[in-house]
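Some notes on the structure that comes next.
The values are calculated or read from the model by the stated rules, or taken from the named source; none is laboratory data. Since we're looking at a predicted model, the values are computed, not measured. Cβ placement follows ideal geometry from the backbone for every residue including glycine, while neighbour counts extend to all protein chains displayed. Surface accessibility is based on the protein's heavy atoms, side chains included, excluding ligands, DNA and RNA. Shrake-Rupley method; radii C 1.70, N 1.55, O 1.52, S 1.80 Å.
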Amino acid sequence: MAVPLIETRHLKKYFKTPAGLLHAVDDVSFKIQPGETLGVVGESGCGKSTLGRTVLRLLEATEGEVLYKGENILRYSKRDMKKVHLNMQMIFQDPFTSLNPRLSISSIIAEPIKVCGTLKDKGDIQKKVHELMEVCGLPERYVNTYPHELDGGRRQRVGLARALAVDPEFIVCDEPVSALDVSVQAQILNLLMDLQDSKGLSYLFITHDLCVVRHISTNIMVMYMGKVVEYAPKDELFQHQAHPYTKALLSAIPTTDLSRRGRERRALTGEVANPIDPAPGCRFAPRCPYAAERCKQPQELKQVAPGHYAACAMCQP
Amino acid sequence: MRKKKKSPVKTVSGRSVWGMVWFRFRKNKLAMAGLFLLLFMMAAILAAPLYVPYDQVVKQNIVEKFTAPCAQHWFGTDQFGRDLFARIVYGGRISLFMGLGVVAISFVVGCALGGAAGYFGGRVDSVIMRFVDMFMAIPAMLLSMAVVAALGTGVDKLLVALSISQIPRFTRVVRSSIMTLRSQEFVEAAKCCGTSSARIIMKHILPNGMGPVIVSATLTLGQVILSIASLGFLGIGVSSPTPEWGTILSENKIHIRYHPYLGLIPGVCIALAVMAVNFIGDGLRDALDPRTKN
Amino acid sequence: MLKYVLKRLLLLIPVVLGITFIIFVVLNLAQGDPAVMILGQDATAEALAAKRAELGLDKPLVLQYIQYILGVLHGDFGTSWLGGYEVLPEFLHRIPYTILLGSLSMFAACIIGIPLGIIAAIRQYHFIDYASLALALVLFSLPSFWFAMMGQILFCLVLNWLPSSGVGSLAHFVLPSITLGANILASQLRMTRTSMLDVVKQDYIRTARAKGADERRVVVHHVLRNGMLPVVTQIGISFASCMGGSVITETVFSIPGIGSLLINAVKGRDVPVVMGTLIFIAVFVGVINLIVDIIYALIDPRVKLTA
Amino acid sequence: MDKTLQTAGSREALLEIRGLHAEYDTDDAVVHALNGFDLTLQRGEKLGLVGETGAGKTTMALSILRLLPPRVGKITQGSITYDGIDILSASPKEMLALRGARISMIFQDPMTSLNPVTTVGDQVLEVLKLHFPEMSREERDARVDEIMKMVGIPPSRKGEYPHQFSGGMKQRIVIAMALVSEPELLLADEPTTALDVTIQAQILELMKQLKEKLNSAMVLITHDLGVVAEFCDTVAIVYAGEVIEQGSVEDVYARKDNHPYTTGLFNCIPDLYTTADRLEPIPGFMADPTDLPQGCSFAPRCPHCTQRCLQEKPSMYLRGNHGVKCHRFSGKEVK
């Protein structure tokens, strides 16, 4: 198999809190091949955003490795990291806080180019900015506007243009559509997929929305309280969920299909706790309808089908 | 009540955030009145040598003492027959411009200290903030008095004394403003392409964090003008015969009962200057943060 | 709770030590020989040297400071260089006046400023709102010494309603309290109004209205309690500025409090008195802030006092 | 459910909104939030009100309670009749008696809609104190305990403050507060939007159980067509301050003869059970409420747009109980 574009090995990120050590990301390993999308799904507080930021070294990992084309970038110096960042970018959830309100749209998009120094000539930069705006579906007349004059969808396009400014290979998308209305959400999703096709981009797509993740991902990783509970190719995951949490997540989604109105729903009881100094066993056990004594043992990811992994005592390999 | 953000207007105006602030500020009548009043006072004070010779300030003329305001002496004369108008106009140099100087110094130092504390956090933050806490333990007025006690009186010393008492407050405002911005997503986006700390601070954080700092600078200017006058009045500010609004009041205080204009005119001058500054400050606050308006 | 109070008081110690040390050093670095100041220009060299030794001025600065603080811990605040009196007894004699003046003005400011702020907020855009704001603005912009002086001339000298200076009866404190409280009143009024208007915009006020609560109930049960939280903090800050303002008021009205002591000490660079006063004020302000925080925790269930 | 959607003038309707116009006066422009909003709600009906941000859903709910932000928002035209009461000309006292007692509202964000310094029990109790002065203290306490049990909060926690509860639990308290007076009409403004999926499912499940127990009518405001399908009998689609389609859930979700906007909404939801390669987003952007088009407000984005659409506002064309505001259906009405 080819060297993956991005790989993490046993990545951990812990935060110190007054109450104890918060295991935000706990032992996460994944691989993303060029041109693929890994969808990360989970509810708020499951560590999915922390994961994205740790991969980009916006947060320093506590333990583990992040490999870019086989090299561990966590050991890179600041200067080497700058080169890596030319290939790895991020787009953010909140289109209202992710753009510097004091800069015009063109300066926002030009900023990464200026910082990285890939283009020096002012004219070239302007040309590049116009090109990026066109790619992202922003009419040229917005070039001198400011973020507060645009709506959420257009702002998200600006954020995408900024990420594309350095021609990256890999983009971490942190809930890029969850703050948008459905009609705009579809526009952005299509744009992301078109760009993937034309530029061969890879995405780490973080979201809480299973419908969106199914639409865009190659593989899907389900996280719960910092741990990966299930990892599978998308169709496999939607056809045969192995982990009770994934099943519950799926059945919780309201659907427009009236024939499914009367389906049996596995409404979970209780709510997500903070993974502060967690017990070694399965973190989902307190809410799990099938929890048993053996769930107090640490649960490893086990292969339940080719390429399909789950961390549950019930799943036999 | 909260109203969701409406989709934006179609016009592609390209108005920057400061443009918006100025636009809203301009609509605020009181703030504009304050701005004009302050600019007028400053112009009158700066241009003083053009219409009042400086020797009027110190020239004593016992014959004309306690002349009530008239065509020749617009504001009357004091116990030594000195022209009050000249003294006030030249006194304004200290009251107003030293006030600006104090604010400028504490603004710059406060931004540097607060910026460092807020952006770097950790040990830098705790060391700086421990010092700030220490200086905040004593009311600003008393702190400047203590410094005056150590340094002695005089324009330059007063400048230092007042600045020291204002720096801690600026440091706090800047720090909290920076800390809220430090974790904003656009700062993370800048970090994503390897932007240096200096560029992040200068280009992304400072321009966005300046709003509350500028408002606080304006309101502080009012307080500093009052402090200068108070110290002058207590006799530990600028000493006579250099005119200063507080000192003018102090040297005339026993005569005010029978010559009220001696008390009213300098007092009104101070009050007008402070009021103008406060109007501007309030206007700026509303313009910077439209949420405070109803 | 007790643990929290103790911890806060302990934390106060380094702050007070730090600021007093800085001031001590700065005061001692200033020009002029204290021995000359005390004994006069004509004193003999031996006498001056003896005086320096007596004051400990020949020792290193840090040692002098430590000696001073050790003295303070034993209740010895030193002797005034100018007046020759012991600082502590003089202090104890003067403190009641300052505290009485401060409390009276705080009381007056709160009892007028807060209700006016509330009324202004409820009747936003009404005449009374504009009038209160104008009042606050004028009081906020007037130099307090000028206000004090003019009040003195009008009410004491011209109208002869009140005694013009000194202490003796409560009437002596009426005008000083008003002039000292004016500035505080203005800031209380503005703070209350802003805070109330801020709370009115919150979602839970809309919830209360949707429950069918009438305006009076919305204000009394929902807006007031939440709106008072920042005002409590403001009261703490005001106490500090009150201590600063008392210097001026006490000077104008010849009240023998801490403030007038400090101003004379500052003019004469009387180090023991300046130091003693600042220590007292720093501790006082610290304790007031502690009390404010405790009150805050009592009325806001979200705040927990954790040691 | 056939009787639930009668045309204007039906006498037994609980709530009738006719031609409602509302606007917000902002610094820069006048925002036309509602532009001829019509809605009829029968007793016991569960209606889903679907639309995107800025469509005017919340404005509609606040108008019913007359709680639009004073000075900024105002109703300029139209009428609201609630059980024979003309809401827009009712006295403040009459409104007080309606709010919280006969019409309750659940707000979107449970984090901010509870008073932070009052215990949750007292906040529920307040409704009873306001509207049932004749109840004794014991009765009230018993009623609070009962409703808290019903929404799944142990009554022993009623002495705690909102910050001690999680988001889902807070929303339960808000629901308890809205239901304790057994209102005839419940306005729920995006009650689950701020919550995680599994918590959203819990709250929806709870609301389903409660709807069986309490026979109140309900307007569920949401942007999620799925939530409506799970919960409601009828649905109204809102665009630019107007209801542009209304009907029973079965009719609308049959996905035949929909308003082009409704079709667009359905098409741009990625579906969980079928894989489409591409979504079909609605082209263009939401109509600008400060500058609405002259004809049909959806015309600039509509694939079927004709000259007529640009000039003339369509009226509601009814096919049975299924109404669509689109010229494509003119002349094809069925009674």
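Quick one: check the C-alpha center-to-center distance for the range B:70-126 versus the range A:12-63, whole angstrom.
Centre-to-centre (Cα) distance: 52 Å.
Can you figure out the FRET efficiency of C:Ile128 with C:Ile299, using R₀ = 30 Å and their beta-carbon distance, to the nearest 0.05?
0.65
Between the range D:71-87 and the range A:70-101, what is the separation of their alpha carbon centroids in Å?
Each part reduced to its Cα centre gives a spacing of 53 Å.
Just for the Cα atoms in the range B:77-288, what are the lengths along the principal axes, largest first, rounded to whole Å?
In descending order, the Cα extents are 71, 37, 22 Å.
Would you tally the net charge around A:Val166, using a Cβ to Cβ cut-off of less than 11 Å, leaving A:Val166 out, and scoring K and R as +1, D and E as -1?
Result for the neighbourhood of A:Val166: +2.
How fast does the range B:186-287 diffuse by Stokes-Einstein, in µm²/s, taking the Kirkwood radius from C-alpha pairs at 10 °C and 1.306 mPa s?
It comes out at roughly 96 µm²/s.
Between D:Ser136 and C:Leu10, what is the spin-label point distance in nm, taking each point 7 Å from the Cα along the Cα→C-beta axis?
Taking the simple label geometry, D:Ser136 and C:Leu10 are separated by 5.4 nm.
Would you mind giving the mean number of other chain beta-carbons within 10 Å of the Cβ of each residue in A:109-118, as a whole number? Let's see the in-between values first.
Working: counts 0, 0, 8, 6, 1, 4, 9, 3, 0, 0.
Average neighbour count from other chains, rounded to a whole number: 3.
For the pair A:Asp124 and D:Lys93, what calculated FRET efficiency results from E = 1/(1 + (r/R0)^6), where r is the Cβ-Cβ distance and R0 = 60 Å, to the nearest 0.05?
0.30
For the range D:175-253, take the alpha-carbon Rg, divide it by the Kirkwood Rh, and send me Rg/Rh.
Radius of gyration relative to Kirkwood radius: 0.96.
Taking Cα pairs under 8 Å and at least six residues apart, what relative contact order does the range D:116-180 come out at, in percent?
Over the range D:116-180, the number comes to 50 percent.
Given the pairs A:Lys82/A:Lys128; B:Lys157/C:Lys51; A:Lys16/A:Lys83, which are separated by over 25 angstrom at their Cα positions?
From A:Lys82/A:Lys128; B:Lys157/C:Lys51; A:Lys16/A:Lys83, over 25 Å: B:Lys157/C:Lys51; A:Lys16/A:Lys83.
Under the definition of Cα pairs under 8 Å and six or more residues apart, what whole-number percent is the relative contact order of the range B:77-288?
Dividing the mean separation by the residue count of the range B:77-288 yields 26 percent.
Given the -39500 (n - 2.57) contribution per DSSP H run of 4+ residues, what per-residue ellipticity at 222 nm results for chain C, rounded to the nearest 500 deg cm²/dmol?
After summing the helix terms and dividing by residue count, I get -25000 deg cm²/dmol.
Cross-link candidates for D:Lys149: which lysines have Cα within less than 26 Å, leaving aside residues fewer than 8 places away along the same chain?
C:Lys211, D:Lys46, D:Lys129, D:Lys158, D:Lys170, D:Lys208, D:Lys211, D:Lys213
Averaged over every viewing direction, what's the projected area of the C-alpha convex hull for the range A:1-74? Give it in nm², one decimal, please.
The directionally averaged projection comes out at 5.2 nm².
Counting partner chain Cβ atoms within 10 Å of every residue's Cβ in D:236-244, what's the average?
Shielding by partners across D:236-244 averages 0.
Can you pull the Rg over Rh of chain C, Cα-only, Kirkwood?
Values: Rg = 23.9 Å, Rh = 22.3 Å.
Using only Cα positions, Rg/Rh for chain C is 1.07.
Regarding the protein assembly as shown, what are the three Cα extents along the principal axes, ordered largest first, in Å?
110, 72, 71
Using just the C-alpha positions of the range A:47-92 as equal point scatterers, what log10 of I(q)/I(0) does the Debye formula give at each q in 0.18, 0.27 1/Å?
-0.51, -1.14
In whole Hz, what ³J(HN,Hα) sequence does the range A:283-293 give by Karplus (6.51, -1.76, 1.60; θ = phi - 60°), x for Gly and Pro?
Using θ = phi - 60°, the values come out as 7, 8, 3, x, 10, 7, x, 9, 4, 9, 4 Hz.
Determine how many Å³ per residue the convex hull of the Cα atoms of the range A:186-317 encloses.
137 Å³
Please list B:Ile248, B:Ile167 from largest to smallest accessible area, probe radius 1.4 Å, with all protein chains kept in place.
B:Ile167, B:Ile248
Efficiency by 1/(1 + (r/R0)^6): what FRET value for D:Thr81 and A:Thr17, r their Cβ-Cβ distance, R0 = 56 Å, to the nearest 0.05?
The pair D:Thr81/A:Thr17 has a calculated efficiency of 0.55.
Could you work out the percent of alpha carbon pairs in the range D:116-180 separated by over 21 Å, rounded to a whole number?
14 percent
Using 0.36 nm per residue of separation minus the Cα-Cα distance, give me the extension gain between A:Lys247 and A:Ala273 in nm, one decimal.
7.4 nm
Mind jotting down the distance between the C-alpha centroids of the range C:108-122 and the range C:188-253, whole Å?
For the range C:188-253 versus the range C:108-122, the Cα centre distance is 8 Å.
Find, to one decimal place in angstroms, the Kirkwood hydrodynamic radius of chain D, where the mean of 1/r is taken over every pair of different Cα atoms and then inverted.
21.0 Å
How compact is chain A by the rule of thumb for globular proteins, expressed as Cα Rg over 2.2 N^0.38 Å?
Dividing the Cα radius of gyration by 2.2 N^0.38 Å gives 1.04.
Would you list which lysines come within 16 Å of D:Lys332, measuring only between C-alpha atoms, while excluding same-chain residues fewer than 8 positions from it?
D:Lys256
Could you order D:Ser156, B:Ser250 by accessible surface area, starting with the largest, using a probe radius of 1.4 Å?
D:Ser156, B:Ser250
In whole angstrom, how long is each semi-axis of the equivalent ellipsoid of the range C:129-189, when you take the square root of 5 times every eigenvalue of its Cα gyration tensor and sort them from largest down?
24, 12, 10
Under 17 Å Cα to Cα from C:Lys201, which aspartates and glutamates show up? Leave out anything in the same chain fewer than 8 places away.
Straight-line reach from C:Lys201, under 17 Å: B:Asp286, B:Asp289, C:Asp214, C:Glu215, D:Asp25, D:Asp109.
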